[in-house]
Amino acid sequence: MSLSVEIEFDPKEMIREYGVSQERLSRAITIALGRAGNHVRNVAARDSKFPKATGTMRRSLGVDVKDSKGFQTAHIGPLKSMAPYGRKVEEGGDRSATVARILTWIEDKKITSSKGLSQERLAYAITASLKKKGARPNPFMARAFAAALPKIPGIIDKALDEALKDDGGGE
């Protein structure tokens, strides 16, 4: 689960403006996308509705910028093994909860039933509900991106300026 954002640059104009090579421009764009991605990641981690049962999702948030044939892409969100779970949380509908997993969550969060159910009975009830209805969506990355979007152009501009002018312009 990640967000995909397309940002277009006119490389010929930027090469002319900054007097740099395509390779240097590519590196600068990679740096800029990384900083923009870090901003989105930080906004997501501060969201009060961010999934935080164990903290694993928060620790898995990252930015992975790749350069392929002169095009840079940034994957922002849960990385590696947490990506499938992140998608389930973002989109909802997960019906794969087990009683053991729910019981651990109840115990970790010290949740008690308002109807006097034992933790085990409560875990069975929650698991049955999740299997029947699925989990509600929690679009934590979509919220983060929407909140971060107004600052992204400025972050990218500043990062490009710093990366391309760090030694006075040219190569």
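The values are calculated or read from the model by the stated rules, or taken from the named source; none is laboratory data. Small disclaimer: the values here were computed from a predicted structure and weren't measured. Please note: Cβ atoms are built from the backbone with ideal geometry, for glycine as well, and neighbour counts cover all protein chains shown. Ligands, DNA and RNA are stripped out before the accessible areas are found, and what is left, the full protein with its side chains, is counted by its heavy atoms. Shrake-Rupley method; radii C 1.70, N 1.55, O 1.52, S 1.80 Å.
Before moving on, here are some points about what is shown:
- A 1.4 Å probe over all protein chains sorts Tyr124, Tyr85 by accessible area into Tyr124, Tyr85, starting with the largest.
- Mean accessible surface per residue for segment 105-171, computed with a 1.4 Å probe while every protein chain stays in place, in Å²: 68 Å²
- Cα pair distances of the chain binned at 5 Å [whole percent]: 1, 8, 14, 16, 14, 11, 9, 7, 6, 4, 4, 3, 2, 1, 0
- Here the chain has 54 percent of its accessible surface on carbon and sulfur atoms, given a 1.4 Å probe and all protein chains in place.
- Positive-end residue, segment 112-171 charge dipole about Cα centroid, Cβ charges, pick of Leu117, Leu164, Ala147: Leu117
- Largest to smallest principal axis extent of the C-alpha atoms in segment 32-101, angstrom: 48, 25, 17
- Taking the Cα centre of segment 53-157 as origin and assigning +1 to Lys and Arg Cβ atoms and -1 to Asp and Glu Cβ atoms, the resulting dipole is close to 400 debye.
- Rounded to the nearest 20 debye, the dipole magnitude of segment 99-171 is 1140 debye, with +1 charges on Lys and Arg beta carbons, -1 on Asp and Glu beta carbons, and the Cα centre as origin.
- Which listed pairs, of Lys52/Lys110; Lys88/Lys132; Lys52/Lys151; Lys49/Lys115; Lys49/Lys109, have C-alpha distances above 22 Å, in listed order: Lys52/Lys151; Lys49/Lys115
- Heavy-atom accessible area ranking, 1.4 Å probe, most first, across Ser114, Ser21: Ser114, Ser21
- Mean Cα-pair separation over length for the chain, i.e. relative contact order, pairs under 8 Å, 6 or more apart, %: 34 percent
- Selected from Arg35, Arg16, Arg58 as most flexible by GNM, with the chain as the system and alpha-carbon contacts under 10 Å: Arg16
- Among Ala142, Ala125, Ala159: highest mean-square fluctuation, GNM of the chain, C-alpha pairs under 10 Å: Ala125
- Cα gyration tensor, segment 57-96 - rounded (a/c under 1.5), prolate or oblate: prolate
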